[in-house]
Each structure stands twice: as C-alpha cells, then as structure tokens.
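Here the structure is laid out as structure tokens; the discussion comes afterwards.
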Amino acid sequence: MKQLSISNNRKLADYCHYFRGESFFNKKLYKEAKKEFFLVSDSFELLPFKNFTLGASFLELKEFDNALYYFKLAEKQYVKSNNTVGLANAYNGIGTTYIFLKQFEKAENYLLKTLRINQETQNNDKICISYMNLANLYYEQYKDNLAIFYFKKSYELSKKANNITTKQTASKNMAVVEENRGNFKEALTYRKESEQWKDSLNNQNKIWAVADFEKKYAVAQKQKQITVLKIESKLKDTQRNGLFYSVLALLLLLIGGVYVYAQKVKSSKIILTQKNKLDELNATKDQLFSIVSHDLRSSVNALKTSNAKLTTSLETKNYNELDQLLHQNSAIANGAYSLLDNLLHWALLQTKQLYFHKDSVHLYSIVQQIEYNYKPLLLDKGITFENAVSKNSFIFVDLDSLKIVLRNLLDNAIKFSDENGEIKIYTTETNTNFCQLVIQDNGLGMSQDTINELLEDNELLAKKSNSEIIGTGLGLQLCKQMIKKNRGTLAIESELNKGTKMILSFPKTEQNG
C-alpha cells in the first residue's frame, strides 16, 4: 500500500496488486482478491498466474462461467510460454469447473490431461490430487466402480507423497468409500489413519508456532523493562480475579462432565439400534441363504441328472432325446442365472448400494426391448406376444429398476404359460397422474390365497407351492420393492387355469400427464 501511494511506476504497481490479490486469495477473501487482480495490467509478465488465480477466485465464489473463462485464458498463455506445470494447474481448474457445470465428459477430458502431465513430471502429490478429482467426477455420475478405483490409486500413491494434507485426505476418502460399501471395520482403520495424519499436521503447525514464539520472545527481550511492568500489572489483576476464574473452571468442568455423560447415553442408544437392525438383517440373510441354497441345489441336481442322461444319449446316438436334453439344460441354467441375478440386485437394494436416477421413459420402447431379449424363450414355447402399450405413454421412473421389474414379470408369465399360449402387455387410461401397465397371460393362474400371500407387505420371502416349479419368490419380492421405490403400485388379478394379470401403476411424466 505504501508503494502504491508513493510511486507511479506501472510495473511496480502490477506487482503490488498481484501480491495483494494472492494474499487475499490465501486468506479466503475472494471478492477482495478479484478486485486487486482486475487492477493488474495486461502487460504484466506474470499474467498467466494472475488469470489462473482469478479463475480460482471465481470458482470459490461459484461464478462458474467467469471461472471457466479465466482458466482457459491462463491455459492459452501457459501453452504459449511452454509452462508445463502451470498448464496442468489450468487443466485441473477447467476440469473442476466442468464438474460443477455437470458437463462430465469435458471434465473427464481435462482431468485426464492433468493426470498425464503430473505423471510426466513425476509429482506424487499432484498425481494423488488428480486421482482424487477423477474419483469425485465419477462419484458425481454414480460410476462407483471407477470412483473407488481412483480413490484406491490415490491412497496407495499417497504413501509416497510428501504433503501430509494429501495423505490425510486420501485416507479420509477411503474411509468414506468403505462406509458407503458397509465395510465399517475397514472404514474405521482408514479413519484412524486419517486422524494420525491430522495429528502430524497439527504437530508440524505447532513447530512453526514455537519458532514464531521464539522470534517474538527475542524481540520482547529488547523491551524487557516495559514487559516486566506489564507482567506485574497482570499479576495484580490475576490475584484480584483468581477466585472468579477458579469458580468458572469448576463450572466448566461440571458442564463438561454432563456433556460427556449425555454423549455416552446417546452412543449407547445408537449402538442398541444398530444391533437390533443387524439382528434383523442377519435373520433375513439366514432365511435367504436357506431358500436360495435349496433352490440352487435343486437346479444343480436337475442339471446333474440331465447331464447323465445326455451322456447316455451321446453314447447311444439318440439324437431326438439329445436335442430335448440340451433344451432342458439351457432352461435349467437360465433359471439358475435368473435366480442369482435377482439375488445380486436384492442384496444391493438391501445394502442401499443400488442407486436410483429417475427420468422420463418412453414405455413402449422399453417393452419392445424386453420382448427382444425374451424372443428365444417365447419362440421355444410357441407363445404369441403382443406389445399393445400406447406409444404416447411416458413415465417418470428409474430406467434400470423398471427393466428389472418387467424382465421378472415377463419371465414369470412365460414360465407359467402353456405351450402355444398368449402374453399381452398393454396400457389403460385411468384419467389420473399415473399410467397403468398390464402384463396378461392365459397360463396356470393362481388362487386368491396365493395372491394375498404374494402381495403381503413384509420382508420375508415367499415360497411357491407348486412343487414342479423351482423358485424362491425373490423375483417378485425384488419387483415389489423397486416398484415402491419408483412411487408405483402393484395389483394382481388371476384365476386358476385361466391366466393372470399383473397390474402396475407408475407416475406419468409431467408434460404427458
């Protein structure tokens, strides 16, 4: 400020404004930093550095378009001056800004450029940060596998990094990842490691604080007489107010004790709640394992028996029976695969690792895709399929969960239909904000007692009473939960030997409703 007030030198003024801007930025005073940077002329020789920090200031103020403009300006200037390190910083700023703007493809492009430059310069600290940024990018897009991959790479490389903050952040990220995956034991290990690095950082700060204190003490020695007088005055004040501080300390101690006790009671309640939930999950898990292991055993035993017959048919060259057994093996394998696929999605849903992203979905096209997937099964049983869904129907649901529901219900319709049967999927108008979708077959049907059991609102798995059909009821249980997640409803209409209607209702897309 003194230099700016006494000199008209443009070059010195640029440096003064630049250093003031950098100081404000590091003190997190971003608006003041922005004002100082705007006072720097375009002839300033550190212009790329000024533009980069100006872009970072706009990013902190959430003015993303302005941030993008100055980061790209700095990028051009770093390219022109062949400054590789500065270019990596500019790419990182652009990529981070694109994440906030939800332009994930562009963000990925720039962050990968940053990573390549950092790898070329072999800067472990910056490579770690690049991995973290890529992981955060993929988490924003619900690409958990990629995100976890880069979080792990960042953590492994942080062991070679010099920056303690980088080590702490990498450990903390892994703790969050393991918590989200339900691996609380591993998460606790990472949390402890993160706290250890935090303590190391605090110790480092204390060393600097001690050095600063020693410097101040050396200066204070030169003013010894004045200091002694001040200390004597403070001692008198201390003696006069000693009783007051003693009482205050006792009061604080009492409050601290009450707070610690309250926290202990709160923690005990949380632990009890978690224990009850864990017992409930274990009970469900045990029942699921019992049912699934039984059905998988039945499927494997059926496959084993069929393979024995297949071997005999090959030896006797009974090609008619051979063809029949191959189709039978394929059906058994498809049933076991469907069971395992449902089991995976059920487990993801129970552990809250299955993410839902609702969007407008064209219902006719989805049914057409499902029909194409099941075309071989329909042809094998000679079943006539009709897609009569209205081409104007749009519903607001999560696409992946909708496909799982339709696949399970169509698979059941095929399974319980006779040879040369008929299956029809169509929509009905209800004059509400919901679209009604009906999956109808003319197969075995079911009794009202079976319908009531299937629709019962509980977390237990149902077991089909038809001994000739292997199944757990897991598919329908999964469908019910996913329909509920999409704010939909399920109803069943059926008569024995006359077929079944599975009636689904989903919210319409607003512009279609």
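Filter segment 391-431 down to the residues that are closer than 21 Å to Ile492 by Cα and polar (S, T, N, Q) and list them by number.
Within segment 391-431, Ser401, Asn408, Asn412, Ser417, Thr427, Thr428, Thr430, Asn431 meet the criteria.
I'm told Ile366 meets every condition in (1) in a helix (DSSP H, G or I); (2) at pLDDT 90 or above; (3) closer than 22 Å to Gly499 by Cβ except one. Can you identify the failing condition by its number?
(3) is the only condition that Ile366 fails.
Between Ala147, Ala170, Ala175, which is in contact with a Cys (Cβ under 8 Å, 6 or more places away or on another chain) and assigned by TED's automatic domain parsing to the domain that holds Lys106?
Ala170
Specify which of the listed residues (Ala88, Ala135, Ala107) is modelled with pLDDT under 90, touching a Gly at 6+ places or on another chain (Cβ under 9 Å) and at negative phi.
Only one candidate passes the filter, namely Ala107.
Quick check on my filter: what residues within segment 413-425 are touching a strand residue (DSSP E or B) at 6+ places or on another chain (Cβ under 8 Å) and either in a loop (DSSP other than H, G, I, E, B) or surrounded by 22 or more Cβ atoms within 10 Å (Cβ to Cβ) (or both)?
Ala413, Phe416, Ser417, Asn420, Gly421, Ile423, Ile425
Only one of these conditions is not met by Gly445: (1) over 21 Å from Leu378 (Cβ atoms); (2) modelled with pLDDT of 90 or more; (3) part of a loop (DSSP other than H, G, I, E, B). Which number is it?
Condition not satisfied by Gly445: (1).
Give the residue, chosen from Asn145, Asn118, Asn133, Asn124, that is of a type outside the set (Gly, Ala, Ser), without any contact (Cβ under 8 Å) to a residue 12 or more places away in the chain and touching a helix residue (DSSP H, G or I) at 6+ places or on another chain (Cβ under 9 Å).
Testing whether each residue is of a type outside the set (Gly, Ala, Ser), without any contact (Cβ under 8 Å) to a residue 12 or more places away in the chain and touching a helix residue (DSSP H, G or I) at 6+ places or on another chain (Cβ under 9 Å) leaves just Asn145.
To keep it simple, each residue is scored yes or no on (1) buried (at least 18 other Cβ atoms within 10 Å of the Cβ); (2) farther than 22 Å from Leu444 by Cβ; (3) at pLDDT below 90; (4) in contact with a Cys (Cβ under 6 Å, 6 or more places away or on another chain).
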position	(1), (2), (3), (4)
Ala308	no, yes, yes, no
Ser313	yes, yes, yes, no
Thr316	no, yes, yes, no
Asn342	yes, no, yes, no
Ala347	no, yes, yes, no
Val361	yes, yes, no, no
Ile395	yes, yes, no, yes
Val405	yes, no, no, yes
Leu410	yes, no, no, no
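Being modelled with pLDDT under 90 and not acidic (Asp, Glu) is the filter; apply it to segment 379-391 and report the residue that is farthest from Phe416 (Cα to Cα).
Applying the filter and picking the extreme gives Leu379.
State the number of residues belonging to segment 122-140 that are within 11 Å of Glu108 (Cβ to Cβ) and either outside any helix (DSSP H, G or I) or not acidic (Asp, Glu) (or both).
4
So, in segment 176-235, of the ones that are of a type in the set (Ser, Thr, Tyr) and modelled with pLDDT of 70 or more, which residue ends up surrounded by the fewest Cβ atoms within 10 Å (Cβ to Cβ)?
Within segment 176-235, the first condition is being of a type in the set (Ser, Thr, Tyr), and the residues that meet it are 189-190, 194, 200, 217, 227, 233.
Keeping just the survivors that are modelled with pLDDT of 70 or more gives 189-190, 194, 200, 227, 233.
Details: Thr189: 15, Tyr190: 21, Ser194: 20, Ser200: 13, Thr227: 12, Ser233: 10.
My answer is Ser233.
Check segment 45-58 and report whether any residue there is over 30 Å from Asn124 (Cβ atoms) and at pLDDT below 90.
yes
The values are calculated or read from the model by the stated rules, or taken from the named source; none is laboratory data. All figures in this text were calculated on a predicted structure; none of them were measured in a lab. Don't worry about glycine lacking a Cβ; one is built from the backbone with ideal geometry, like all the others, and counts go over all protein chains shown.
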